[in-house]
1. With the condition being open to solvent by 60 Å² or more (accessible area, probe 1.4 Å) and closer than 30 Å to Ala160 by Cα, I'd like the strands (runs of 3 or more DSSP E) fully within segment 19-104 carrying at least 2 qualifying residues.
2. Given Trp11, Trp61, Trp74, which one is in contact (Cβ under 8 Å) with a residue 24 or more places away in the chain and over 22 Å from Ile128 (Cα atoms)?
3. Hey, can you tell me all the residues within segment 149-162 that are assigned to a strand (DSSP E or B) and either buried (at least 19 other Cβ atoms within 10 Å of the Cβ) or of a type in the set (D, E, K, R) (or both)?
4. Could you say whether any residue in segment 136-148 is at pLDDT 95 or above, part of a strand (DSSP E or B) and surrounded by fewer than 20 Cβ atoms within 10 Å (Cβ to Cβ)?
5. Only one of Leu158, Leu162, Leu188, Leu175 is over 30 Å from His49 (Cα atoms), touching a Lys or Arg at 6+ places or on another chain (Cβ under 6 Å) and not small (Gly, Ala, Ser); which?
6. In this structure, does Tyr115 turn out to be in contact with a Ser or Thr (Cβ under 9 Å, 6 or more places away or on another chain), buried (at least 17 other Cβ atoms within 10 Å of the Cβ), without any contact (Cβ under 8 Å) to a residue 24 or more places away in the chain and not in a loop (DSSP other than H, G, I, E, B)?
7. Of the residues that sit in segment 1-18 and are in contact with a Gly (Cβ under 9 Å, 6 or more places away or on another chain) and not in a loop (DSSP other than H, G, I, E, B), which one is modelled with the lowest pLDDT?
8. Can you list residue pairs whose Cβ atoms sit under 9 Å apart, with the first residue in segment 22-46 being on the phi < 0 side of the Ramachandran plot and the second being modelled with pLDDT of 85 or more and of a type in the set (Asp, Glu)? Count only pairs 6 or more apart in sequence or on different chains.
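The values are calculated or read from the model by the stated rules, or taken from the named source; none is laboratory data. What you see is a predicted model, and the numbers here were worked out from it, not measured in a lab. For neighbour counting, all protein chains shown are included, and Cβ atoms are generated from backbone atoms with ideal geometry for every residue, glycine included. We work out accessible area using only protein heavy atoms, side chains counted, and drop any ligands, DNA or RNA first. Shrake-Rupley method; radii C 1.70, N 1.55, O 1.52, S 1.80 Å.
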Amino acid sequence: YLIGHGASAEWQPQSWMQGSEVYLARTKRPPAEPNVMLDPAQWEFFAGHEDAAGGRGVAKWSGSIGQAAPLFAWENKTGVVTMSYAAAIRKYLMIVGTPTERSGVGSMSGTFDTYILESDAITGPFRIVSYLQAFGPQAYFVNLPTFAMGDAPADGYLDARLSYSSNFGLRDKALVPHPKGSSYAWNLLPVRLLLASGAHVDALSE
């Protein structure tokens, strides 16, 4: 699977860190050989859900990128996106980083917000469970590596590691890293995912 962000309207700003939608693609067979990844015929794109009585239907996939549908949309509020599977709580955790400024290229010099969403299925629906304002304060490529997650929840939380880089556009200016130690490097912080009833991710604690 490959996840990424974008936008479908001309007026919506787009950059490596800014967008309005999140998309999902996958290869039709495991990418054991490089040729699978390089062959356009091996790719298909999430194309929405089949209508079903009483709720969302089965996910649709299409070999045409023109039929791709967003997993998640938020006007001018998406950007670099990652997704991990937390096997201990059987949840897909999507993390999105997005600029707080909406001025195109100028937005890269400002702070970024980061938010976490969860779902029972890789194709959604997703719901926001934690919003980290000005995290970093300019964190990007934020993700929860699956190899660093705990095997089982304990005492209402799940131990994990938060991986990200930050502050590339602010490194020559006075700033206060948030959280402490955030730098223009690979940051790997221990975190705890606080669990609500039903083992839902509820918040992120430093």
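1. 72-78
2. Step by step, each of Trp11, Trp61, Trp74 is checked, and only Trp61 is in contact (Cβ under 8 Å) with a residue 24 or more places away in the chain and over 22 Å from Ile128 (Cα atoms).
3. Leu158, Asp159, Ala160, Arg161, Leu162
4. Yes, because at least one residue in segment 136-148 is at pLDDT 95 or above, part of a strand (DSSP E or B) and surrounded by fewer than 20 Cβ atoms within 10 Å (Cβ to Cβ).
5. Only one candidate passes the filter, namely Leu188.
6. yes
7. Here the residue is Ser15.
8. Ala25/Glu44; Arg26/Glu44; Thr27/Asp39; Thr27/Glu44; Lys28/Glu44
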